[in-house]
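The values are calculated or read from the model by the stated rules, or taken from the named source; none is laboratory data. Note that the coordinates shown come from a computational prediction; the quantities given were computed from them, not determined experimentally. Note: ideal-geometry Cβ built from the backbone for every residue, glycine included; neighbour counts use all protein chains shown. The area values use the complete protein model at the heavy-atom level, side chains included, leaving out ligands, DNA and RNA. Shrake-Rupley method; radii C 1.70, N 1.55, O 1.52, S 1.80 Å.
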Amino acid sequence: MASSGLSQDQVFEVLKSPRRRYALYYLRREGGTVELSDLTEQVAAWENDTTPTELTSDQRKRVYISLYQTHLPKLDDARIIEYDREDGEVSLSRRARELDTYLGDVSRPEIPWDRYYLALSLGSIVLVLGVWFEIYPFVLLSGIATAMIILVAYALSAIGQYFYYRRRTVQGTPPELRRAEGQ
C-alpha cells in the first residue's frame, strides 16, 4: 500500500482489534462526522450482541474508555480518522478508503471487474471495427451512434460498479458479525 504510506504490518496492526474495525465500519456506514457517544453505543451493541437501547452503563463505559484513550488515538495517529477529543467528534479521513480492501465482506463472491471491463473493451473494439469496415449489421450504425453506445455502456458500468461497491461496504453490521449471524 505504497500510496497510503502505511506498510502492510501497520495496516494489520491497526485492524487487528475488532473494536477498531467496528468503529471503522460504523464510520463508513454513517459517512460524515459522528459523535463519540453514538460511535460508542453502536460498537458496544455489536460487541455485546444487543441494541444500543439495551446496553448497560458498564458496557457503554468500557467501550467508551477504550475508544477514547486507545483505539481512536491509534487510528488518528495513522491518519485513518480525524478525531477531535475535545468536541467528541470522529470522522473518516480520505486515507480510510485505502482500508476498504481489508474491511470488505469477503464472505460473498466478488464480481471480477477487471474481466468485465476487459470484455467491455473487446466488445467496443469489435463494434468500432465492424462500423469502420462496414460489416453487416454494424454498417447500420453511424460513428456517433457507435461512440454513444460505447460511452453509455462504460457510464452504466461505472455507475453499477459504484453502487455494487457501496452496497458491499456500507451495510448495517460489520461483515464478521453478518457471518456469525449466518447472513
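Quick notes
- Scanning the stretch 24-40 for residues that are among the charged types (D, E, K, R) and assigned to a strand (DSSP E or B) gives a single hit, GLU35.
- Residues being within 14 Å of the chain's Cα centre (by Cα), over 30 Å from ILE150 (Cα atoms) and part of a helix (DSSP H, G or I) are entirely absent from the stretch 70-90.
- In the stretch 68-80, the residues that are without any contact (Cβ under 8 Å) to a residue 40 or more places away in the chain reach residues that are among the hydroxyl-bearing types (Ser, Thr, Tyr) and buried (at least 20 other Cβ atoms within 10 Å of the Cβ) with C-beta atoms within less than 8 angstrom, at least six apart or across chains, in these pairs: PRO73/TYR83; ASP76/TYR83.
- Selection count, the stretch 1-23, where residues are at pLDDT 90 or above and assigned to a loop (DSSP other than H, G, I, E, B): 2
- Flag: GLU82 matches the condition of being at pLDDT 95 or above, acidic (Asp, Glu) and open to solvent by 70 Å² or more (accessible area, probe 1.4 Å).
- Among residues of the stretch 76-101, those that are in contact with a helix residue (DSSP H, G or I) (Cβ under 6 Å, 6 or more places away or on another chain) and over 14 Å from LEU39 (Cα atoms), counted: 4
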